[in-house]
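Trainee: Could you have a look at this structure, given as structure tokens, before my questions?
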Amino acid sequence: MSAAAVPTTTLAPAKLNLCLYVGPRREDGLHEIRSLFEPLELADELRISEAEDDEVICEGIEGRDLTATALAALREHGWDAPRLRIEVIKRVPVAAGLGGGSADAAAVLRLARGEVEGLRSIAAQIGADVPSQLQPRPCLVAGAGEVIEPAPPPAEHGVVLIPQPEGLATAAVYAEADRLGSSRGDSELEAIRRRLRDALDERSSPLAYRENLVNDLQPAAISLRPEIEDALRALEDAGAAHAMVTGSGPTAFGLYPTAEEAAAAAEVLRGRFPTALATAPLSP
């Protein structure tokens, strides 16, 4: 990468799990899943400049984060671009089930597109959600997150997010789901994938196929953080056509027919949930 090619800023969109079906634990310790990912306008901002040494600054993250891991991985694979200072401006809540850390890592990997081979393999080694965010777009996801099938953009809808004051560790939620015994078999997961594919081909709003919007990790997240149920009820009371937990939680989200309706609902909800915010699917 030449000095002139170094971008000053790049965005790392949050990821919404419109559904998440969970299978048994695999030999590598990860779970087989089927999910529909949707990138959001809500995004972290990465401010990038040349520096004497590589440096990543991410306020609110204790210890080494995935952004630094991604930059180090590029160097290990021979990326000889100028040394960089990357400052991550966090707007996506941390440990909220919105893939913020994975999005930041993917944004860094995108800097080396065309210059480092095997970016998807590198992404999978960093985290299960990172490969899907190398190119933020709606996608149907299988495997542990590494099998990605692009999906057509959906029709208009709005989203309201209610993050919790404290995040949830993904591993803890999956462990609780295992304890509750909520996994599905391989044949059921494949049938779900076909059903989701058929629904996506209609290019409609997710509200048109609400019966498929299921999160198998939701009971586990609520078991660990019972107050999530209050947020779900509040979203329904505020007119959400569908409310559930995204990813491993603890963020609750509600779907609305339009972005304007989502914005109005978020304004009402902030009286009780100050962190409630409205967003929308990222435009293609």
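The values are calculated or read from the model by the stated rules, or taken from the named source; none is laboratory data. Since the model is a prediction, treat every value here as computed from it, not as a measurement. Ideal geometry is used to build each Cβ from the backbone, glycine not excepted, and the neighbour counts take in all protein chains shown.
Trainee: Collect the residues in the range 149-195 that are over 24 Å from PRO93 (Cβ atoms), touching a helix residue (DSSP H, G or I) at 6+ places or on another chain (Cβ under 9 Å) and not hydroxyl-bearing (Ser, Thr, Tyr), keeping them in residue-number order.
Mentor: GLU149, ALA151, PRO152, ALA155, GLU156, ASP178, ARG179, LEU180, ARG184, ILE192, ARG195
Trainee: Has the range 108-117 got any residue that is touching a strand residue (DSSP E or B) at 6+ places or on another chain (Cβ under 9 Å) and at positive phi?
Mentor: Checked against the condition, which is being touching a strand residue (DSSP E or B) at 6+ places or on another chain (Cβ under 9 Å) and at positive phi, the range 108-117 yields no hits at all.
Trainee: Restricting attention to the range 18-30, which residues are assigned to a strand (DSSP E or B) and surrounded by 14 or more Cβ atoms within 10 Å (Cβ to Cβ)?
Mentor: Selection gives LEU18, CYS19, LEU20, TYR21, VAL22, GLY23, ARG25.
Trainee: Filter the range 265-275 down to residues that are surrounded by fewer than 17 Cβ atoms within 10 Å (Cβ to Cβ) and not basic (Lys, Arg), then give me how many there are.
Mentor: Counting residues in the range 265-275 that are surrounded by fewer than 17 Cβ atoms within 10 Å (Cβ to Cβ) and not basic (Lys, Arg) gives 5.
Trainee: List the number of the failed condition for LEU161; all other conditions in (1) more than 22 Å from LEU98 (Cβ to Cβ); (2) touching a Ser or Thr at 6+ places or on another chain (Cβ under 7 Å) hold.
Mentor: Every condition holds for LEU161 apart from (1).
Trainee: Right, something else. Among the numbered conditions (1) surrounded by 14 or more Cβ atoms within 10 Å (Cβ to Cβ); (2) closer than 18 Å to PHE37 by Cβ; (3) in contact with a Leu (Cβ under 8 Å, 6 or more places away or on another chain); (4) not aromatic (Phe, Trp, Tyr), tell me where ALA199 comes up short.
Mentor: Checking ALA199 against (1) surrounded by 14 or more Cβ atoms within 10 Å (Cβ to Cβ); (2) closer than 18 Å to PHE37 by Cβ; (3) in contact with a Leu (Cβ under 8 Å, 6 or more places away or on another chain); (4) not aromatic (Phe, Trp, Tyr), the one that fails is (3).
Trainee: I've got another one for you. Considering only residues that are crowded, with 16+ Cβ neighbours inside 10 Å and either free of Cβ contacts under 8 Å to residues at least 60 places away in the same chain or under 17 Å from GLY100 (Cα atoms) (or both), which ones fall in the range 145-158?
Mentor: The answer is GLY145, GLU146, VAL147, ILE148.
Trainee: When you scan the range 136-144, do you find a residue that is over 13 Å from SER35 (Cβ atoms) and either of a type in the set (Ser, Thr, Tyr) or surrounded by 14 or more Cβ atoms within 10 Å (Cβ to Cβ) (or both), even just one?
Mentor: Yes, some residue in the range 136-144 is over 13 Å from SER35 (Cβ atoms) and either of a type in the set (Ser, Thr, Tyr) or surrounded by 14 or more Cβ atoms within 10 Å (Cβ to Cβ) (or both).
Trainee: In the range 225-260, which residues are hydrophobic (A, V, I, L, M, F, W, C) and either surrounded by fewer than 17 Cβ atoms within 10 Å (Cβ to Cβ) or under 22 Å from GLU156 (Cβ atoms) (or both)?
Mentor: Matches in the range 225-260: LEU235, ALA238, ALA240, ALA241, ALA243, MET244, ALA252, PHE253, LEU255, ALA259.
Trainee: Out of (1) surrounded by 14 or more Cβ atoms within 10 Å (Cβ to Cβ); (2) in contact with a Phe, Trp or Tyr (Cβ under 9 Å, 6 or more places away or on another chain), the odd one out for LEU282 is which?
Mentor: (2)
Trainee: Check LEU200, LEU217, LEU213 and return the single one that is at pLDDT below 95, within 20 Å of the chain's Cα centre (by Cα) and either more than 30 Å from GLY271 (Cα to Cα) or not small (Gly, Ala, Ser) (or both).
Mentor: Result: LEU200 is the single residue among LEU200, LEU217, LEU213 that is at pLDDT below 95, within 20 Å of the chain's Cα centre (by Cα) and either more than 30 Å from GLY271 (Cα to Cα) or not small (Gly, Ala, Ser) (or both).
Trainee: Something else about it: Quick one: what pairs do we get from the range 214-243, first residue in contact (Cβ under 8 Å) with a residue 12 or more places away in the chain and of a type in the set (Ser, Thr, Tyr), second surrounded by fewer than 17 Cβ atoms within 10 Å (Cβ to Cβ) and assigned to a helix (DSSP H, G or I), C-beta under 9 Å, 6+ apart or different chains?
Mentor: SER223/ARG179; SER223/LEU180
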